[in-house]
Amino acid sequence: MSDPTEANGTAGTAGADETAEPAQSTGGGTGERHVRVVLVDDHRMFRTGVQAEIGQTAETGVEVVGEAADVDQAVTVITATRPEVVLLDVHLPGGGGVEVLRRCAPLMSDAERPVRFLALSVSDAAEDVIGVIRGGARGYVTKTITGTDLVNSVFRVQEGDAVFSPRLAGFVLDAFASTDAPPVDEDLDRLTQREREVLRLIARGYAYKEIAKQLYISVKTVESHVSAVLRKLQLSNRHELTRWATARRLV
């Protein structure tokens, strides 16, 4: 179902709704509200449906400025268009929604023009919800949401609110309810930021060439980072490294 040719960084979504019947108003009157949105989902038909449902800008105030079907496309389109809100599926080719969040972290932390993420997924599994929220998403709604509620959720996220489908909010509260501050991991603190990035990708099963491509560095540099990580953590091979990272929930 994935269509790797669907990335669109220009205004609108080329051909997405040219033959669609006009959608009924889903915004209930938007006044002067306006938000620029990118849709990230590996199912073209779903993206087309969302575009038709909420992308009638004159009625909803939502302008869909780009689409993407996998992680690489998503990062490219989001970086090029700088939307206010990204509707992000959790399960995507290339590493999933969490990988998109990781690679777009600088855009999320931009004080002047922050890009905010709202997960929109068929999954209501606790691990999926917690994963993207820890990654930086501002909310999580399921694909059973109505068009009107989705429009309202997008605007709330644009304003900085946290938005969840009702039953999913409990997952987040439970996950962050610990009263104890997380202990300092002295072993992890020995690693540089780049070494941590390499560590996570190794633990996820990436080959050296794949890591080099992801991080825009040479294979030899990847090998150097892996050697440094193994030395600092006193581990012997990538299998031990993977177990170490998994035990600390770094994967």
Quiz item: Only one of (1) surrounded by fewer than 23 Cβ atoms within 10 Å (Cβ to Cβ); (2) in contact (Cβ under 8 Å) with a residue 40 or more places away in the chain; (3) out of contact with any Pro (no Cβ under 6 Å at 6 or more places or on another chain); (4) outside any loop (DSSP other than H, G, I, E, B) fails for LEU39. Which number is that?
Solution: (1)
Quiz prompt | Residue count for region 203-218, restricted to those that are more than 20 Å from the chain's Cα centre (by Cα) and crowded, with 18+ Cβ neighbours inside 10 Å | solution = 2
Quiz item: Going through region 61-101 one residue at a time, which ones are of a type in the set (D, E, K, R) and either surrounded by fewer than 18 Cβ atoms within 10 Å (Cβ to Cβ) or assigned to a strand (DSSP E or B) (or both)?
Solution: GLU63, GLU67, ARG82
Quiz prompt | helices (runs of 4 or more DSSP H) contained entirely in region 135-250, each with at least 3 residues that are modelled with pLDDT of 85 or more | solution = 147-158, 193-203, 208-215, 219-233, 238-247
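So that you can scan it fast, the table gives a plain yes or no per residue for (1) buried (at least 20 other Cβ atoms within 10 Å of the Cβ); (2) modelled with pLDDT under 95; (3) touching a Pro at 6+ places or on another chain (Cβ under 9 Å); (4) of a type in the set (A, V, I, L, M, F, W, C):
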site	(1), (2), (3), (4)
ALA105	no, yes, no, yes
PRO114	no, yes, no, no
SER121	yes, yes, no, no
VAL129	yes, yes, no, yes
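The values are calculated or read from the model by the stated rules, or taken from the named source; none is laboratory data. Everything quoted here is computed from the prediction, not taken from an experiment. Every residue, glycine as well, gets a Cβ built from its backbone with ideal geometry; the counts of neighbours run over all protein chains shown.
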